[in-house]
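The values are calculated or read from the model by the stated rules, or taken from the named source; none is laboratory data. Every value quoted in this text rests on a predicted model; they were computed, and no experiment measured them. For neighbour counting, all protein chains shown are included, and Cβ atoms are generated from backbone atoms with ideal geometry for every residue, glycine included.
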Amino acid sequence: MLEVGSNHRGGIYVRMHELSRATAMSIIEGKRRFMIRVNMGLKRMPEIQYSEHVEIMEKVSFVNNEIEEISLTTSPNCLKLSTLLLGWNPLRKINDSFFHHMPAIQVLDLSNTQLEILPDAVSDLRPSLLYCLHIAITLNTFLL
């Protein structure tokens, strides 16, 4: 039930058959603890702060979309969020307040983005909880 695919950047990947993926997604998202919007061509972050289940979300993935900026109006209150995957987006800027209400983050993936500077709030994440910070090697400034 696996297929080989390619993205618009020329990358090759293996993915689940669409029917299997849709079934798995409906089971996972039915629990309201996960939000997965992968390879959907999103130009901006979905309004997760307005979701009625935002406070219980644990894992969020927006991998391989077209998100360039996380704006000042985006600062979701995700107190239980442990995993945030934003890799493979042409992301250039994340506002400083974005991470303020995410105290439980353990995995943060910013790989293969166009970020040159991380927001100051990344340094506020508790190092004892941050198990994996996967960032692009093009960063100019990273101070912890």
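Here are the numbers:
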| read-out | value |
| --- | --- |
| PHE142 being at pLDDT 90 or above, in contact with a strand residue (DSSP E or B) (Cβ under 8 Å, 6 or more places away or on another chain) and not assigned by TED's automatic domain parsing to the domain that holds GLY10 | no |
| Any hit, the range 94-107, residues being at pLDDT 90 or above and not assigned by TED's automatic domain parsing to the domain that holds GLY11 | yes |
| Failed item, numbered, when SER61 is tested on (1) at pLDDT below 85; (2) touching a strand residue (DSSP E or B) at 6+ places or on another chain (Cβ under 6 Å) | (1) |
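Here's the yes/no breakdown for (1) in contact (Cβ under 8 Å) with a residue 12 or more places away in the chain; (2) under 17 Å from SER123 (Cβ atoms); (3) surrounded by 17 or more Cβ atoms within 10 Å (Cβ to Cβ); (4) of a type in the set (S, T, N, Q):
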| site | (1), (2), (3), (4) |
| --- | --- |
| SER61 | yes, no, yes, yes |
| THR73 | no, no, no, yes |
| PRO76 | yes, no, yes, no |
| ILE94 | yes, yes, yes, no |
